[in-house]
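Chemist: First the structure, then my questions, so here it is.
Readers should treat all values here as calculations from the given coordinates under stated rules, not as data from a laboratory. Because the structure is predicted, anything quoted here is derived from the model rather than measured. We place every Cβ from the backbone using ideal geometry, glycine too, and count neighbours over all the protein chains shown.
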Amino acid sequence: MLPLIAALVAGTLFGLGLAVAQMVDPAKVINFLDLFGTWDPSLAFVMGGGLLVNAIATPIIMRRKTPLLAEFFRTPTKHQVDKRLIVGGVIFGVGWGLAGYCPGPMLTSLSFANSDILTIVAAYVVGTLIARIALRAWERDRLSRAQRA
Amino acid sequence: MEIVNFTPVPAFIGGALIGLSAAFLLLVKGRVAGISGIAGGIILPEKGDVPWRILFVLGLILGGFIYQWMGLAPDLSQIQAQVGKGTLIIAGLLVGVGTTVGTGCTSGHGICGLARRSPRSLVATLTFMGSAFVTVFIVRHLVGA
């Protein structure tokens, strides 16, 4: 029960932060990305605030052997940059630039949902589903080929 | 370049709240607060650990409600999408595919990954930021000009 309440608290803080920072307004996001037009640097300050708190807290937290309410830390362990990371980043960037919505603001915007927000969230869910199914099949295929070899 | 609607103080406070959320999730659950990763595990679950993800996403929405209940300005209901339904669909699909293939978004790579000094997250963040800058430049200054 406690871990679930903690997840709810973490999500709530995150959503409140996005709303306070006005990152739920795609106009602000697109203006941040419009360096050569009407530039709004706010998003850089959001990332700066998040990074500052996190960069101080993360090393202190990671000195612990285990988290408070879980058996172990599940932070990503991969270090090499691969093609997949770049291809995914480029695709995500195009989608983000087109509408000004990344996943966090999109989901927090469900608190004042209208048909536009429901449309982009539905498309995001479908895109994620397609990619996860494709990656799963690709991974299985790679494993079975590795076994045969 | 013309600077518009710059709101550094709420941006920084909001960012710090996001950082606190990420630090709290790491301390308590040992997890990285990457929204696309957390949501992706609900959309097509891997194994078992779905409930905390659902509560985290419900929290995101609750955070938006709390902001509105506190009556803070600006009013969120005034916010409007900047593009039509067709573009919203394409953008949503691309964000879903891109964050899944690239294993992260603005939060997981951009805030948590950079704080952990992950080289992968640095490359990912520079890639999607660069791609988004180019996209907006093309849409606003080449096509829209």
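Chemist: Relative to the compact globular guide of 2.2 N^0.38 Å, what is the alpha carbon radius of gyration of chain B, as a ratio?
Modeler: Working: Rg = 17.0 Å, N = 145, 2.2 N^0.38 = 14.6 Å.
Working it through for chain B, the quotient is 1.17.
Chemist: Ok, one more. What order do you get for B:109, B:141 when you list them from fewest to most C-beta neighbours inside 10 Å?
Modeler: Values: B:109 33, B:141 12.
Ascending Cβ contact count within 10 Å gives the list B:141, B:109.
Chemist: Please check: in the Gaussian network model of chain A (C-alpha springs, under 10 Å), which one of A:123, A:21, A:99 has the largest mean-square fluctuation.
Modeler: A:123
Chemist: Amide H neighbours of residue A:39 under 5 Å, at least 5 residues apart or on other chains, H built in the peptide plane: list them.
Modeler: Correct list: B:2, B:3, B:4.
Chemist: Tell me the mean residue ellipticity at 222 nm calculated for chain A from its helices only (DSSP H runs of n ≥ 4, each -39500 (n - 2.57), averaged over every residue, nearest 500).
Modeler: -23500 deg cm²/dmol
Chemist: What is the distance in Å between the Cα centres of segment A:81-149 and segment B:78-105?
Modeler: Rounded to whole Å, the Cα centres lie 9 Å apart.
Chemist: Can you compute 3J(HN,Hα) from phi for each residue in segment A:12-18, using the Karplus curve 6.51 cos²θ - 1.76 cosθ + 1.60 with θ = phi - 60°, rounded to whole Hz and x for Gly and Pro?
Modeler: Per-residue couplings from phi come out as 5, 4, 5, x, 4, x, 5 Hz.
Chemist: Read phi for every residue in segment B:3-9 and hand back ³J(HN,Hα) as whole Hz from Karplus 6.51 cos²θ - 1.76 cosθ + 1.60, θ = phi - 60°, with x for Gly and Pro.
Modeler: 8, 10, 6, 6, 10, x, 5
Chemist: Show the residues, 5+ positions off or on another chain, whose built amide H is closer than 5 Å to the amide H of residue A:74.
Modeler: B:31
Chemist: Quick one: A:143, B:26, B:122, fewest Cβ neighbours within 10 Å first, how do they rank?
Modeler: Working: A:143 10, B:26 26, B:122 15.
In order of increasing Cβ crowding within 10 Å: A:143, B:122, B:26.
Chemist: For segment A:56-128, which trypsin sites (Lys or Arg not before Pro) pass both filters: DSSP loop (anything but H, G, I, E, B) and at most 16 other C-beta atoms within 10 Å?
Modeler: Details: sites: A:63, A:64, A:65, A:74, A:78, A:83, A:84; in loops: A:63, A:64, A:65, A:74, A:78.
Loop-located and lightly packed - A:63, A:64, A:65, A:74, A:78.
Chemist: Take residue A:143 and residue B:75, extend 7 Å from each Cα along the Cα→Cβ direction, and tell me the distance between the two endpoints in nm.
Modeler: It is 5.3 nm.
Chemist: At 222 nm, what value in deg cm²/dmol follows for chain B if DSSP H runs of at least 4 each add -39500 (n - 2.57) and the sum is divided by all its residues, to the nearest 500?
Modeler: Values: 5 runs with 86 residues, N = 145.
Here the helix-only value at 222 nm equals -20000 deg cm²/dmol.
Chemist: Also: Per residue, how much space in cubic angstrom lies within the convex hull of the C-alpha atoms of the protein assembly as shown?
Modeler: Output value, Cα hull per residue: 131 Å³.
Chemist: For the residues B:47, A:28, what sequence is obtained by ranking on other C-beta atoms within 10 Å, fewest first? It would help to have the intermediate numbers written out before the result.
Modeler: Values: B:47 6, A:28 24.
Taking fewest neighbouring Cβ atoms as first place, the list is B:47, A:28.
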